[in-house]
Amino acid sequence: MSILALGLNHKTAPVEIREKVTFGPDIIAGALRSLLENPAVNETVILSTCNRTEIYCILNEEDHEPLADWISRFHGLPSNRVMPYLYSHFGLDAVKHLLRVSCGLDSLVLGEPQILGQVKAAYQTATDTGTTGKLLYKLFQHAFSAAKQIRTDTNIGNSPVSVAFAAVSLAKQIFSDLSEQTALLIGAGETVELAARHLSQNGIGRIIVANRTVERAHQLAAQFEGYAIALTEISNHLAEADIVISSTASPLPVLGKGTVESALKERKHRPIFMVDIAVPRDIEPEVADLSDIYLYTVDDMDEVIQENMRSREEAAEQAEEIIEHYVDDYMGWLRSLDAVELIQDYRGFAEQLRDEVMQKALQQLAKGKTPEEAIRFIAHTLTNKLLHTPSTQMRQAGFNGQIELLEAANTLFQIKKTDNKT
């Protein structure tokens, strides 16, 4: 058995590659089942966000090439379009990678909290689909516990640093007074909600929320005294927006170049600041070619984010130490599984021996032996039978000069007592 973490992220692949290999809610269950059909895969979880697509597997063998090909095939892509961007981690490195991801130490924004919810959701989806087992259960529980302790014991989450925060920071640089501006937020998920909160805290004049489900848009907009619309109504309201922040799970763009051109004409070419956080992208890339449009993707956020993450770096060092503890604990538990079968066999042998000796003792009692004689028989016979083989092997080890085996036996049986005399 081996643990594999295979994938790509914002560090290894540009957005145009990441958006081609995402697993949306409508296909992820089928993808998980497809993965489990591979005879080398025993358990699996797929984590797919705007910044990463990763597969976590318990494998029968350390061969991830077929799984790398599977990612390409599943998305209908040539393998040479995906393979150069993939990374893989095995064993201890895979465990450490998942823990670092869950704690936000591998995120575009150091220490961002949203990723933990995404990891939990990915694990829950895999569990509901029936593709997880004992090993991944234990691993992901360790990841969740590590993340919780790091949030509690370090300051990594104290600074409001996220992609949404970076987007609002950029908006403040472009528009000195947000109280005069209108923001159109497309989507109603965690990232958009966070953006709405940051905008509100920075005095945004007006918020419009557009979402596929209008009821959800109303729920979010109501928190910030905003206005809710359906995605189909965007073209009617885009000209009102000075700031557009979009993050949906749509597989196709929700905002095209033609719609933006019409809005600019209506605005008499007053500029619009746009941030497309979604992967796949919500805003057609060609929109960036228009005059008076300032379009940023998640990859463009990096420089802004760097300015806001310095306060988290010291906390990240403390977090790494906590992660090491959880990695060691999980790997120790994993190694202990190797002894389970041996322990079960040894206990079975001892219990069978006990039953045999007990049966003979009962027969002796039936033939008139006293209880004391029967007890002495049990004690003597069990002692001899349990000690015979270990004694023979230790004697042979001494004869062969296998000192390490004798030391292991002493550790196992705790025979020698430490001399506490002073």
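Here are some notes:
- Wholly within region 217-279, strands (runs of 3 or more DSSP E) carrying at least 1 residues that are of a type in the set (Val, Ile, Thr) and touching a residue at least 40 places away in the same chain (Cβ under 8 Å): 243-246, 272-276
- One residue stands out among those in region 280-303 that are surrounded by 20 or more Cβ atoms within 10 Å (Cβ to Cβ) and part of a helix (DSSP H, G or I): the one that is modelled with the highest pLDDT, which is 287.
- For region 89-99, the set of residues classified as out of contact with any helix residue (DSSP H, G or I) (no Cβ under 6 Å at 6 or more places or on another chain) and either modelled with pLDDT of 95 or more or assigned to a helix (DSSP H, G or I) (or both) consists of 91, 93, 94, 97, listed by residue number.
- Pick from region 359-375, criterion at pLDDT 90 or above and among the hydrophobic types (A, V, I, L, M, F, W, C), ranking: farthest from residue 386 (Cα to Cα): 366
- Taking (1) more than 29 Å from residue 141 (Cα to Cα); (2) within 45 Å of the chain's Cα centre (by Cα); (3) at pLDDT 85 or above in turn, residue 356 satisfies each apart from (2).
- Cβ-Cβ under 8 Å pairs, at least 6 apart or on other chains, region 309-332 side surrounded by 15 or more Cβ atoms within 10 Å (Cβ to Cβ) and small (Gly, Ala, Ser), far side at pLDDT 90 or above and in a helix (DSSP H, G or I): 319/150
- The residues of region 102-141 that are touching a Gly at 6+ places or on another chain (Cβ under 9 Å) and in a loop (DSSP other than H, G, I, E, B), listed by number, are 103, 104, 105, 110, 111, 112, 113.
- Residue 98 vs. criteria surrounded by 17 or more Cβ atoms within 10 Å (Cβ to Cβ), under 20 Å from residue 149 (Cα atoms), in the same structural domain as residue 36 (by TED's automatic domain parsing) and among the aliphatic types (A, V, I, L, M): yes
- Candidates 133, 117, 111 - the one that is surrounded by fewer than 24 Cβ atoms within 10 Å (Cβ to Cβ) and over 13 Å from the mean Cα position of the chain (by Cα): 133
- Residue in region 181-200 that is assigned by TED's automatic domain parsing to the domain that holds residue 234, at pLDDT below 85, more than 16 Å from residue 221 (Cβ to Cβ) and not in a helix (DSSP H, G or I) present: no
- Selection within region 31-69: residues that are part of a helix (DSSP H, G or I) and buried (at least 20 other Cβ atoms within 10 Å of the Cβ). The member of this set that is modelled with the lowest pLDDT is 67.
The values are calculated or read from the model by the stated rules, or taken from the named source; none is laboratory data. Just so you know, these numbers come straight off a predicted model, no measurement behind them. Neighbour counts are summed over all protein chains in view; Cβ atoms, including those assigned to glycine, are modelled from backbone coordinates with ideal geometry.
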